[in-house]
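Read the structure below first, then the notes.
The values are calculated or read from the model by the stated rules, or taken from the named source; none is laboratory data. Computed from a predicted structure; not experimentally measured. Glycine also receives a Cβ, built like all others from the backbone with ideal geometry; neighbour counts cover every protein chain displayed. Ligands, DNA and RNA are excluded from the accessible area calculation, which covers all protein heavy atoms including side chains. Shrake-Rupley method; radii C 1.70, N 1.55, O 1.52, S 1.80 Å.
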Amino acid sequence: MKLQQLRYIWEVAHHDLNVSATAQSLFTSQPGISKQIRLLEDELGLEIFARSGKHLTRITPGGEIIVREAGEILRRAEGIKKIAQEFSNQRKGELSIATTHTQARYALPPVISGFIETYPDVSLHMHQGTPMQISEMAATGAVDFAIATEAMELFNDLIMMPCYRWNRTVIVPKDHPLAKLPELTLEALAEHPLVTYVFGFTGRSKLDEAFKSKGLTPKVVFTAADADVIKTYVRLGLGVGIIASMAFDPKMDPDLVALDAKKLFSASVTRIGFRKGTFLRGYMYEFIQRFAPHLTKDVVDAAVARQSSRSEIEALFKDIKLPVL
């Protein structure tokens with residue numbers, strides 16, 4: 001059994017059983033991958049993948065367990081490499097982050113700019129996706145960190161730490177009726193078509209909960225994952241926009257009016273998460289603290305020490321006043 005063979009079955013399983021696509025991603029040949037998978041199956045005396053002719057059709061029950069264990073072995077092997085790199089060159093390496101558009105566009109730029117200036121020899125890779133995709137990438141070890149507001153609590157393999165609180169802003173054109181109200185209410189909002197985030201994105205669940213608590217059914221006419229897209233359609237008159245407050249900039253959006261919605265919706269918390277068992281290099285600790293200053297190395301290590309219980313990790317932060325963006 002070779003580490004390369006475990007890499008092949010893991011990658012094939014995560015490329016929808018497409019051996020050709022796997023070969024392209026690994027810069028190797030399709031026949032070579034197929035041969036090594038067959039050799040591994042012969043050695044184990046078990047089919048990992050069911051086949052129809054030359055095509056892989058599904059992962060067998062035994063194969064599911066083997067692929068899962070292969071992923072764990074590969075992650076441990078990667079951890080060994082990181083340990084060696086930390087002691088051989090503390091300022092050189094890679095860092096992969098998965099996050100949403102809002103975080104990448106509005107919260108992370110100054111953090112990443114300062115980090116790259118301090119660590120020019122660390123290659124930083126950013127992946128964008130839905131909160132579910134982001135959390136899954138971190139849980140499987142495909143990225144080092146996930147930064148999101150939604151979905152991470154669904155993955156038990158993640159250590160999640162709160163970074164900051166944020167709320168929403170309602171945006172309308174300057175001549176919109178809502179801009180003339182003395183006080184914005186949910187009832188007034190519900191009378192207009194809304195343009196906001198796709199469900200599961202950037203605290204959308206808090207928005208839905210607020211309307212439901214009042215017995216209101218908002219008319220959401222357009223959804224997007226990107227706050228800039230939402231602002232575009234508000235400008236076109238499609239509806240009233242509801243976005244993260246950090247996504248509104250008076251200088252960049254002079255034609256729009258921002259209406260404070262703090263009293264209408266409860267605050268959301270953005271978290272940073274990484275897979276349990278991850279070896280954190282020195283610059284990884286520093287990235288976390290640059291993004292959330294209260295997450296010092298000692299605090300992160302304390303969270304790791306409590307990784308067997310999510311409630312214990314939450315208790316660690318109960319007395320910490322999170323910054324508000």
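Quick notes
- Here region 133-174 and region 54-125 have alpha carbon centers that stand 16 Å from each other.
- Remark: relative contact order (the chain) = 20 percent; criterion is Cα-Cα distance under 8 angstrom and separation of 6 or more residues.
- Rolling a 1.4 Å probe over the protein heavy atoms of region 240-325, with every protein chain left in place, gives an accessible area that is 55 percent carbon and sulfur.
- In the full protein context, the chain carries 51 Å² of accessible surface per residue, based on a 1.4 Å probe and ignoring ligands, DNA and RNA.
- For the chain, alpha-carbon Rg relative to the globular expectation (2.2 N^0.38 Å, N residues): 1.17
- A straight Cα-to-Cα reach below 25 Å connects LYS81 with the lysines LYS2, LYS92, LYS276, LYS297, residues fewer than 8 places away in its own chain not being considered.
- Remark: for residue pairs LYS219/LYS318; LYS174/LYS214; LYS206/LYS321, the C-alpha separation exceeds 25 Å in LYS219/LYS318; LYS174/LYS214.
- Extension gain (nm, one decimal) between GLU72 and HIS14, 0.36 nm per residue minus Cα-Cα: 19.5 nm
- Relative contact order (%) - region 1-73, alpha-carbon pairs under 8 angstrom, separation at least six: 33
- Ranked packing of 34-44, 93-103, most packed first, by mean Cβ within 10 Å: 93-103, 34-44
- Solvent-accessible surface ranking, highest first, for THR22, THR278 at 1.4 angstrom: THR278, THR22
- Here the gap between ALA50 and GLU117, fully extended at 0.36 nm per residue and compared with their Cα-Cα distance, gives a gain of 19.2 nm.
- Taking every C-alpha pair closer than 8 Å and separated by at least 6 residues, the mean separation divided by the residue count of region 1-145 gives a relative contact order of 20 percent.
- Computed over region 182-325, the alpha-carbon pair-distance distribution with 5 angstrom bins reads 2, 8, 15, 17, 15, 12, 11, 10, 8, 3, 0, each value a whole percent.
- Net charge, TYR164 excluded, C-beta distance under 14 Å - Lys, Arg +1, Asp, Glu -1: +4
- Percentage, to the nearest whole number, of Cα pairs in region 1-67 over 15 Å apart: 44
- Only helices enter this figure: runs of n ≥ 4 DSSP H residues, each worth -39500 (n - 2.57), summed and divided by the residues of the chain, yield -12000 deg cm²/dmol at 222 nm to the nearest 500.
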